[in-house]
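Chemist: Sharing a structure below in structure tokens format, with a few things to ask.
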Amino acid sequence: MDPITTVEGRAYPLGRKNVDTDVIIPAHYLKTITRAGLGRGAFETIRAEPGNVFDDPDYAGAPILIAGDNFGCGSSREHAAWALGDMGVKAVIAPSFSDIFSGNAFKNGIVTVVLPQEAVDRLLEVAKDHPITVDLESRTVTTPFQDRFVFEIDPFRRDCLMQGLDEIGLTLARDAAISAYEARIAGERPWLAAKAG
Amino acid sequence: MNAPRTLYEKIWDAHVVERRDDGTCLIFIDRHLVHEVTSPQAFEGLRVAGRRVRRPDLTLAVPDHNLPTTPRVDAAGHRLPIADAESAQQLAALERNAPEFGIRYIDATAPEQGIVHVVGPEQGFSLPGATIVCGDSHTSCHGGLGALAFGIGTSEVEHVLATQTLLLSPSKTMEVRVDGTLGFGVSPKDVVLAIIGRIGAAGGTGHVIEYTGSVFRDMSVEGRLTVSNMSIEGGARAGLVAPDETTFAYLKGRPMAPAGQDWDAAVAWWRTLATDPGARYDKVVVLDAADIAPSLTWGTSPEDVVPITGVVPDPESFADPSKQEAARKSLAYMGLTPGTRMQDVAVENIFIGSCTNSRIEDLRAAAAVARGRRVASNVRQALIVPGSGLVKRQAEAEGLDRIFIEAGFQWREPGCSMCLAMNPDKVPSGERCASTSNRNFVGRQGPGARTHLLSPAMAAAAAVTGRLTDVRDLVGGSA
Ligand code: SF4
């Protein structure tokens, strides 16, 4: 994964609540067996609406998306994160995210920024005509107008994002601990070993 | 003396491999279910990195989402090809990956094949107190057995394949207590719809729900699986029902469940898992069973719940302006006018299936309504899709297939089917479907499809009248 410190540029001012994963990427795009190329199916139902932000040339290629509460609710499909990544989105700002989506986003190097609704409303306003900046180092979202919103982010996630770390590699390095756990459980709960069936 | 703990906390503690300073834990995963849609990129990742599957013995693969529900073999027993090239390719990828990585695989034509969340409990692969994951959000289903079960994304699938662990932060806990006795015609589906209607689609975010109270104690395992299945629709990543004698009776003798001395040891441990008296939940929600009616959804969020005796709500009636806006959009999409009686809404499609409601009890409930009746003439398709080959066989042994076929339903092969329309089973654009599945999102059952979520008995009632119907009016009895 590419290390990421700052995401700067235009932001799609979507603003809607409960944008579910079927809206982010409809099920008929899930038949792919690779990760690339899903951007073309992203937000298909919204793109069918005249005047939608995704087809507005002002925001073409924007690296940031601003949405309402509960962004990414619904299915666990990581395709939603892949589709956003394929569109070039590197940060999503919303008052809340579904747990699964924010995990998937993180694993694909997309920053999910949780800010209070008032801050999101202000950013939606600014984003219509101006760029905004998400900075992981200072944990802030800033605008050209002195707005400065500080956000919380899990320190481990922040480190991984900023250093571009591979989580599987990190866990494989804990092999001895995993083996010790397996050995202990084989003694305590031997029936957990799956039967052939 | 240890502090009293909840069921969730006990399962969590029993699976901690390592605890980090920031509170996140490396959690061991006891059971990993794999299907064809969310796994190809995970196997691809392993292959690229030269990694193997750490515990193939704890992993079980079965295809379900893409499979057509029409016959899969011809008269001579030869497998029929899948017409859709992309679906065929996803299935082929799983068929290649499972043997390559040494994973047990239930073939598309095996009698045990079915929806991954029906197969796991049915085979006794899913067990109480276990950590269970699958690249599918409705993994929450297995919590009906008292397992900590949740959906994961494909990167996490790859992580579990490679390490048999996940790095997780503990969730908050929410108790949803429902005491009392359910009224006539009120099913587990109605209970979970009522819960989601109460807490909202984001109400459980960050929480694991434990369902407590007499309603769940008295409920069958099938019903508990239905309720826990839809925990994710209330925003919770997982749901739990404490394992008890009902759970043990359900699991005993299942092919992959422990047997003999192992069984006794397992039950002894499972009995220790129930939430201790005095343990605290972060949130508590209480519903009275007597207040729950046969229910259904009117909009495009699972929180849009109304009793069948109710009317389409007026968007202005919601306090929150963004909910008003969402309701206006929902009603436009659904083609509904505020104030319309739900029972006056005609339906053209019926879907009885999905991991929420495709187990044998669900089919029995639907058959009880369909028996001796006919699917209404305005209904264009009425599908019954059993959750697994074993459910299908059981239903056929009980003669349920004949009841459905005589009534004019189609009796199909197991799979996800019209729940998400990845296979050829779709609701045509602009048409309405009474569906026992779990999601009424825009386009979920096909582009432009209008979904009403309800119970199997209510879906059967809608099929025979051609409109949304109070099942209690058909089968008699009092509310
Ligand atoms: S039946 Fe529907 S909800 Fe269940 S696993 Fe299949 S697609 Fe997902």
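Chemist: Mind grabbing the interface size between B and A? I mean buried accessible area, both sides, 1.4 Å probe, in Å² to the nearest hundred.
Modeler: 5200 Å²
Chemist: Follow-up question, since we're still on this one. So, counting K/R as plus one and D/E as minus one, what does the shell of residues with Cβ under 13 Å around B:Asp22 add up to?
Modeler: -1
Chemist: Kindly tabulate the residues in region B:431-467 with an accessible-area decrease of at least 10 Å² between the chain alone and the assembly of all protein chains, using a probe of 1.4 Å.
Modeler: Those are B:Arg439, B:Phe441, B:Val442, B:Arg444, B:Pro447, which lose 10 Å² or more relative to the chain on its own.
Chemist: While we're here: Checking buried surface per residue: for region A:38-85, which residues lose a minimum of 40 Å² accessible area in the protein assembly relative to the chain alone (1.4 Å probe)?
Modeler: Those are A:Asn70, A:Gly74, A:Ser76, A:Glu78, which lose 40 Å² or more relative to the chain on its own.
Chemist: Within the accessible area of the protein assembly as shown, what % is carbon and sulfur when the probe is 1.4 Å and the other protein chains stay in place?
Modeler: 51 percent
Chemist: Still on this structure: DSSP loop (so not H, G, I, E, B), at most 16 other Cβ within 10 Å: list which trypsin sites (Lys or Arg not before Pro) in region B:13-75 pass both filters.
Modeler: Counting only loop positions with at most 16 other Cβ atoms within 10 Å, the trypsin sites (Lys or Arg not before Pro) in region B:13-75 are B:Arg20, B:Arg52.
Chemist: Anything losing 10 Å² or more of accessible area from the isolated chain to the full protein assembly: pick those residues out of region B:173-213, probe 1.4 Å, ligands and DNA/RNA ignored.
Modeler: B:Ala201, B:Ala202, B:Thr205, B:Gly206
Chemist: Percent of alpha carbon pairs in the protein assembly as shown separated by more than 51 Å?
Modeler: 6 percent
Chemist: Further question: Rounded to whole Å and sorted largest first, list the principal axis extents of the Cα atoms in region B:1-91.
Modeler: 65, 33, 21
Chemist: Considering only DSSP beta bridges where both residues belong to region B:295-476, give the percentage that are antiparallel (nearest 5).
Modeler: Within region B:295-476, antiparallel bridges account for around 30 percent of the total.
Chemist: Here is a further query. For region A:6-164, list log₁₀ I(q)/I(0) at each q in 0.14, 0.18 Å⁻¹, using the Debye formula over Cα point scatterers of equal strength and ignoring solvent, two decimals each.
Modeler: -0.63, -1.08
Chemist: Order the following by accessible area, largest value first: A:Arg122, B:Arg374. Probe radius 1.4 Å; ligands, DNA and RNA are ignored.
Modeler: Of A:Arg122, B:Arg374, the descending order of accessible area is B:Arg374, A:Arg122.
Chemist: Now for a separate question. Using a 1.4 angstrom probe, figure out how much accessible area region B:295-476 has per residue, in square angstrom, rounded to the nearest whole.
Modeler: Per-residue accessible area for region B:295-476 comes out at 33 Å².
Chemist: Could you bin all the Cα-Cα distances of region B:295-476 into 5 Å bins starting at 0 and give me the percent of pairs in each, rounded to whole numbers?
Modeler: It works out to 1, 9, 19, 22, 20, 14, 8, 4, 2, 1, 0, in whole percents.
Chemist: Of all the Cα-Cα pairs you can form in region B:139-211, what percent are over 16 Å apart?
Modeler: Counting every Cα pair in region B:139-211, those more than 16 Å apart make up 62 percent.
Chemist: Net charge around A:Thr6, counting only other residues with Cβ within less than 11 Å of its Cβ (Lys, Arg = +1; Asp, Glu = -1)?
Modeler: That works out to -2.
Chemist: Counting heavy atoms of the protein chains only and a 1.4 Å probe, report the per residue accessible area for region A:131-192 as a whole number of Å².
Modeler: Using a 1.4 Å probe on heavy atoms only, each residue of region A:131-192 averages 51 Å².
Chemist: Another one. For B:Glu245 and B:Asp276, what is the calculated FRET efficiency with R₀ set at 22 Å and r taken between the beta-carbons, to the nearest 0.05?
Modeler: Computed FRET efficiency for B:Glu245 and B:Asp276: 0.70.
Chemist: Right, next: Just from its helices, what would the mean residue ellipticity at 222 nm be for chain B, if runs of 4 or more DSSP H residues each count -39500 (n - 2.57) and the sum is divided by every residue, rounded to the nearest 500 deg cm²/dmol?
Modeler: Result for chain B, helices only: -9000 deg cm²/dmol.
Chemist: Still on this structure: I'd like the distance separating the alpha-carbon centroids of region A:1-15 and region B:226-255, in whole Å.
Modeler: 40 Å
Chemist: Another question, if that's okay. 5 Å is the cut-off here: which amide hydrogens, built 1.01 Å from N in the peptide plane, fall below it relative to A:Ile66, excluding neighbours closer than 5 in sequence?
Modeler: Distant-sequence amide H within range of A:Ile66: A:Tyr12, A:Leu14, A:Gly15, A:Ile93.
Chemist: In addition: R0 = 25 Å: FRET efficiency of A:Met162 with B:Arg19, Cβ-based, nearest 0.05?
Modeler: 0.60
Chemist: Assuming a viscosity of 0.890 mPa s and a temperature of 25 °C, what translational diffusion coefficient in µm² per second does Stokes-Einstein assign to region B:7-168, Rh being the Kirkwood radius over Cα pairs?
Modeler: The Stokes-Einstein estimate is 150 µm²/s.
Chemist: Also: State the three equivalent ellipsoid semi-axes of chain B, derived from the C-alpha gyration tensor as the square roots of 5 times its eigenvalues, in descending order and whole Å.
Modeler: The equivalent ellipsoid of chain B has semi-axes of 33, 28, 22 Å.
The values are calculated or read from the model by the stated rules, or taken from the named source; none is laboratory data. Nothing here was measured: the structure is a model prediction, and the numbers come from that model. Here Cβ is always computed from backbone atoms with ideal geometry, including for glycine, and neighbour counts include all displayed protein chains. What goes into the accessible areas is simple: the full protein's heavy atoms, side chains included, and nothing from ligands, DNA or RNA. Shrake-Rupley method; radii C 1.70, N 1.55, O 1.52, S 1.80 Å.
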